[in-house]
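Structure, as structure tokens:
The values are calculated or read from the model by the stated rules, or taken from the named source; none is laboratory data. Just so we're clear, the structure is a prediction, and the values are computed from it rather than from any experiment. Cβ sites come from the backbone with ideal geometry, for glycine too, and all protein chains shown count toward neighbours.
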């Protein structure tokens, strides 16, 4: 059978930047094995498959696959799929401020999304992570450094690093000393394995300018992703972690995270964490996307 697909570059405002995504907007009839085969064929970080909702409260059910496996939640596929559906007029009509609000069902749970328009065109989307931040173990700095071929002194050790964190998908979050260390990193080999989640998200507060608050890179060898240009689920985990360990008990914390620079696909991920009574109650991720191509795939 033939299935329509559309591709879009996410967390960018220019074509051929950001993180590419393939979306099959009408994927009913495909088996899990076929979805995995299609994702491997596109070989993007993720491909999404849009299905009818399982709950009437949801706009649709979205399954997300990397080249090697299914993800419970992911940021760039959620933002990109929401904007593709908006361009296909498959989301609720905008309110008086030009915003469409709806829920995408994902494996990790319902994901509220808002699409924003400019001059009537959908250009940006913001999601609320399907889970509050959860913090896991803190692997030994020496172990992480050896895995990444770093000197232990090049890792900023503390309550936020190295640390397992999740807002629906778990990642190992590691802060490195500066932009030079971040830039010298090389993706680990495909057979490398470090317990802790779907990948390792490395960031630096040294950003080399004022266009972003953090610079980041993400490696996911277990998913067949040597390096990802923009990882919204990992950015959400990082923002939730940083907000959780902040000294303030109340407030809104935000970080603009630049990623993909070293790959020649610069991305900008906007994150926002809401903290009440000492607990992070919500984490949001936002960004733009631009359409690139569309066609049909035989399955």
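A few remarks follow.
- For the condition buried (at least 20 other Cβ atoms within 10 Å of the Cβ) and either over 17 Å from residue 44 (Cβ atoms) or touching a helix residue (DSSP H, G or I) at 6+ places or on another chain (Cβ under 7 Å) (or both), residue 297 does not qualify.
- Residue 126 vs. criteria touching a strand residue (DSSP E or B) at 6+ places or on another chain (Cβ under 8 Å), assigned to a strand (DSSP E or B), on the phi < 0 side of the Ramachandran plot and free of Cβ contacts under 8 Å to residues at least 60 places away in the same chain: no
- Residues being over 19 Å from residue 55 (Cβ atoms) and crowded, with 22+ Cβ neighbours inside 10 Å - total across the range 81-108: 3
- Residue match in the range 197-206 (condition: within 22 Å of residue 39 (Cα to Cα) and under 12 Å from the mean Cα position of the chain (by Cα)): yes
- Qualifying residue in the range 61-69 (condition: touching a helix residue (DSSP H, G or I) at 6+ places or on another chain (Cβ under 9 Å), part of a loop (DSSP other than H, G, I, E, B) and crowded, with 16+ Cβ neighbours inside 10 Å): yes
- Scanning the range 210-226 for residues that are within 20 Å of residue 175 (Cβ to Cβ) and buried (at least 21 other Cβ atoms within 10 Å of the Cβ) yields 214, 215, 216, 217, 218, 219, 220.
- Residues satisfying the stated conditions in the range 102-127, i.e. out of contact with any helix residue (DSSP H, G or I) (no Cβ under 9 Å at 6 or more places or on another chain) and either farther than 22 Å from residue 63 by Cβ or not assigned by TED's automatic domain parsing to the domain that holds residue 10 (or both): 116, 118, 119, 120
Residues are listed down the side, and each one gets a yes or a no for (1) more than 20 Å from residue 271 (Cα to Cα); (2) in contact with a strand residue (DSSP E or B) (Cβ under 9 Å, 6 or more places away or on another chain):
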position	(1), (2)
13	no, yes
33	yes, no
40	yes, yes
72	no, yes
77	no, yes
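- Selection count where residues are in contact (Cβ under 8 Å) with a residue 12 or more places away in the chain and farther than 14 Å from residue 19 by Cα, scope the range 32-82: 33
- Being within 18 Å of residue 294 (Cα to Cα), in contact with a helix residue (DSSP H, G or I) (Cβ under 7 Å, 6 or more places away or on another chain), in the same structural domain as residue 9 (by TED's automatic domain parsing) and not in a strand (DSSP E or B) holds for only one residue in 91, 84, 79, and it is 79.
- Here the condition is being modelled with pLDDT of 95 or more, crowded, with 19+ Cβ neighbours inside 10 Å and not in a loop (DSSP other than H, G, I, E, B); of 144, 111, it holds for 111 alone.
- The numbered conditions (1) touching a strand residue (DSSP E or B) at 6+ places or on another chain (Cβ under 9 Å); (2) at pLDDT 95 or above are all true for residue 225 except (2).
- Failed item in (1) modelled with pLDDT under 95; (2) over 21 Å from residue 153 (Cβ atoms); (3) touching a helix residue (DSSP H, G or I) at 6+ places or on another chain (Cβ under 7 Å), with residue 197 passing the rest: (3)
- Tabulated pairs, the range 180-206, first assigned by TED's automatic domain parsing to the domain that holds residue 149, second modelled with pLDDT under 80 and part of a loop (DSSP other than H, G, I, E, B), C-beta under 7 angstrom, 6+ apart or interchain: 200/194
- Residues of the range 155-189 satisfying the condition of being assigned to a helix (DSSP H, G or I) and surrounded by fewer than 19 Cβ atoms within 10 Å (Cβ to Cβ): 179, 180, 183, 184
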